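Some notes on the structure that comes next.
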Number of protein chains: 2
Amino acid sequence: MSFLTVGTVAFDAIETPFDKVDKIIGGSATYITLAASYFYPKQQIVSVVGEDFPADMISKFKSKGIDVEGLQIKKGEKSFFWSGKYHNDMNSRDTLVTDLNVLADFDPIIPEAYKNAEYLMLGNIDPSLQNKVLDQMNQKPKLVMLDTMNFWMDIAMDNLKSVISRIDVLTINDAEARQLTGEYSLVRAARKIAEMGVKYLIIKKGEHGALLFNNENQVFFCPALPLEEVFDPTGAGDTFAGGLMGYLASTDDISFGNMKRGIIYGSAMASFCVQKFGPNRLLDLSQDEINSRIQTFINLVQVDITLS
Amino acid sequence: MSFLTVGTVAFDAIETPFDKVDKIIGGSATYITLAASYFYPKQQIVSVVGEDFPADMISKFKSKGIDVEGLQIKKGEKSFFWSGKYHNDMNSRDTLVTDLNVLADFDPIIPEAYKNAEYLMLGNIDPSLQNKVLDQMNQKPKLVMLDTMNFWMDIAMDNLKSVISRIDVLTINDAEARQLTGEYSLVRAARKIAEMGVKYLIIKKGEHGALLFNNENQVFFCPALPLEEVFDPTGAGDTFAGGLMGYLASTDDISFGNMKRGIIYGSAMASFCVQKFGPNRLLDLSQDEINSRIQTFINLVQVDITLS
């Protein structure tokens with residue numbers, strides 16, 4: 001069994017109504033692999049950083065069981081840098097700076113040892129690169145999950161639809177599901193996305209939870225946990241995806257029932273992520289904390305009804 | 001046991017992206033009592049209409065077990081009329097016309113026979129009138145639920161806070177909970193509202209479901225059902241409240257566990273309401289349809305997890 005993540009590893013600068021950081025580790029692959037590491041400790045990563053990327057973070061990846069053979073380090077270049085400022089509601093943000101740096105010419109070369117990965121997570125990057133990753137695999141993985149965003153729908157819809165036709169699980173937010181399909185009803189949007197060849201659609205609604213649709217019109221809803229304080233939402237979606245994929249890879253079960261469990265695990269991990277800046281909260285969680293949080297999610301919707 | 005609803009009975013004109021109606025029965029008390037009638041068939045209503053209000057609708061109320069002694073019919077006057085137009089997302093709307101008519105001088109006189117009601121639902125009207133209703137009761141009812149809106153927070157916050165201090169259950173939406181407390185975090189807003197004397201706070205989030213908080217920091221989440229088509233959201237919040245209160249009155253149990261069940265019942269009724277214009281869908285539901293819808297809500301969050 002093997003589990004490969006392709007995505008970004010980067011620096012972020014984040015400003016929220018409560019605080020700010022000028023430079024913190026970020027990137028989709030960072031959040032995905034750290035979250036997944038709590039469930040599946042032997043991961044592979046394909047990404048790119050510059051010479052400025054700290055060696056001790058690479059050591060942390062290794063200590064979490066993440067193989068970094070596929071992490072390209074570009075001498076004399078700088079890592080991808082993103083800076084954003086959250087509005088008072090913490091649900092929306094402005095991007096202040098996007099310095100692509102090494103990401104501008106990123107060529108996701110899959111090491112030979114990774115080409116048989118059975119679980120493949122394609123983080124949010126250019127869909128043509130996501131396609132290129134799939135082209136390099138020796139066979140279709142058991143499960144491919146893809147994350148994307150409205151930006152690619154605006155400028156590369158054809159490429160995006162092409163890669164969507166090759167994957168099993170799509171994670172997007174509600175506005176993106178509507179943009180991708182032209183349907184306002186999420187039930188209809190889900191049906192159209194199933195027709196694109198996707199087996200499972202996960203609609204992430206942030207503080208409003210997540211919906212899972214399969215391609216047989218079944219649906220599952222997982223709430224978000226009402227939190228006293230959301231400190232920094234950056235990376236919550238990637239953390240969700242990482243927790244989910246880590247759980248799926250560790251159980252090696254891609255049934256609808258197990259997807260539902262995985263979504264609870266992913267949601268629990270995302271609820272930790274937002275409680276500190278960047279990925280900090282993901283570095284030192286205990287299994288007890290995770291189990292207790294999952295129990296909180298279960299209790300949140302627990303109701304005893306006997307129908308007459 | 002008795003269950004009294006005080007609110008509006010009115011005419012609405014509604015325009016959605018799909019269709020429009022020029023004149024349909026509306027008003028908070030209409031939706032509340034019709035929804036509640038499926039669970040608690042002996043209700044009392046206090047409201048006001050004009051001479052233009054159709055006798056056959058009053059007959060329908062009676063046939064649903066609703067006592068209309070407290071429904072004032074003002075000779076030579078016109079019923080309250082509201083007209084609104086929904087935006088494409090169906091989550092927001094513009095009010096086009098508000099003709100108060102009989103509502104301008106509404107004096108909610110509680111008939112003697114109603115003054116011992118054990119369950120009291122105060123629909124969204126001027127908080128000074130809601131206070132006046134409470135003043136007329138012979139003793140504090142077993143459970144008083146109050147619905148209100150941002151409009152009263154804008155122009156009558158003191159009166160609103162005064163009546164809130166006298167009730168048990170408050171239903172508002174997330175923006176209103178934030179406006180009422182000045183807290184963005186719904187967890188903190190819930191704590192502040194508990195300090196106002198409220199035992200249960202229900203935060204209605206429309207298509208994103210509903211949150212129930214008690215005054216001991218317990219929380220329950222009920223999703224909204226993803227629907228293929230939302231035809232007309234008018235009255236969904238009142239229908240939710242009516243289903244909930246009808247269920248509570250019929251079971252005569254105001255524990256947290258029973259509130260949770262009631263919220264599922266209310267959500268199921270609201271999901272029917274939005275599937276036709278106005279209250280039309282609430283006129284002819286069967287118990288089988290309701291049970292099947294409640295089962296759908298239960299299944300929506302059903303997940304099997306054994307924590308290691």
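The values are calculated or read from the model by the stated rules, or taken from the named source; none is laboratory data. Given the structure is predicted, the values throughout are model-derived calculations rather than measurements. Cβ coordinates were reconstructed from backbone atoms using ideal geometry, including for glycine residues, and neighbour counts include every protein chain displayed.
Annotations
- Residue match in the range B:284-294 (condition: modelled with pLDDT under 95 and within 26 Å of B:Thr8 (Cβ to Cβ)): yes
- Flag if B:Glu228 is farther than 18 Å from B:Tyr31 by Cα and touching a Lys or Arg at 6+ places or on another chain (Cβ under 7 Å): yes
- Scope the range B:138-162; condition touching a strand residue (DSSP E or B) at 6+ places or on another chain (Cβ under 7 Å) and buried (at least 17 other Cβ atoms within 10 Å of the Cβ); matching residues: B:Pro141, B:Leu143, B:Val144, B:Met145, B:Leu146, B:Asp147, B:Thr148
- The set of residues from the range B:273-292 being of a type in the set (D, E, K, R), under 22 Å from B:Phe18 (Cβ atoms) and within 14 Å of another protein chain (Cβ to nearest Cβ) is empty.
- Checking each residue in the range A:46-59 for being surrounded by fewer than 17 Cβ atoms within 10 Å (Cβ to Cβ) and in contact with a Leu (Cβ under 8 Å, 6 or more places away or on another chain) picks out only A:Ile58.
- A:Tyr38 meets all of the listed conditions (1) free of Cβ contacts under 8 Å to residues at least 12 places away in the same chain; (2) closer than 29 Å to A:Ile263 by Cα but one, namely (1).
- One residue alone among B:Val133, B:Val169 is over 22 Å from B:Ile263 (Cβ atoms) and in contact with a strand residue (DSSP E or B) (Cβ under 8 Å, 6 or more places away or on another chain), and that residue is B:Val133.
- Any pair with Cβ under 6 angstrom, 6 or more apart, that starts in the range B:285-304 at a residue that is crowded, with 17+ Cβ neighbours inside 10 Å and ends at one that is modelled with pLDDT under 95 and among the basic types (Lys, Arg): none
- Where helices (runs of 4 or more DSSP H) fall entirely within the range B:159-272, those with at least 2 residues that are among the hydroxyl-bearing types (Ser, Thr, Tyr) and more than 10 Å from every other protein chain (Cβ to nearest Cβ) are at B:236-251.
- Tabulated pairs, the range B:270-284, first without any contact (Cβ under 8 Å) to a residue 24 or more places away in the chain, second not in a helix (DSSP H, G or I), C-beta under 6 angstrom, 6+ apart or interchain: B:Arg281/B:Gln275
- Scanning the range B:231-249 finds one or more residues that are in contact with a helix residue (DSSP H, G or I) (Cβ under 6 Å, 6 or more places away or on another chain), among the acidic types (Asp, Glu) and modelled with pLDDT of 95 or more.
- Every residue from the range A:1-20 that is of a type in the set (A, V, I, L, M, F, W, C) and modelled with pLDDT of 95 or more: A:Phe3, A:Leu4, A:Val6, A:Val9, A:Ala10, A:Phe11, A:Ala13, A:Ile14
Residues checked against (1) polar (S, T, N, Q); (2) more than 24 Å from B:Leu211 (Cα to Cα):
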residue	(1), (2)
A:Arg261	no, no
A:Ile264	no, no
A:Lys276	no, yes
A:Asn280	yes, yes
A:Phe297	no, no
A:Val301	no, no
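- Residues located in the range A:78-106, provided they are part of a loop (DSSP other than H, G, I, E, B) and more than 14 Å from chain B (Cβ to nearest Cβ): A:Lys78, A:Ser79, A:Phe80, A:Leu100, A:Phe106
- When the range A:286-308 is filtered for residues that are in a loop (DSSP other than H, G, I, E, B) and in contact with a Pro (Cβ under 9 Å, 6 or more places away or on another chain), only A:Val301 remains.
- Residue check, A:Gly197 on the phi > 0 side of the Ramachandran plot and either at pLDDT 95 or above or surrounded by 15 or more Cβ atoms within 10 Å (Cβ to Cβ) (or both): yes
- Which numbered condition B:Asp126 fails, given (1) closer than 24 Å to B:Asp67 by Cα; (2) in contact with a strand residue (DSSP E or B) (Cβ under 8 Å, 6 or more places away or on another chain); (3) surrounded by 16 or more Cβ atoms within 10 Å (Cβ to Cβ): (2)
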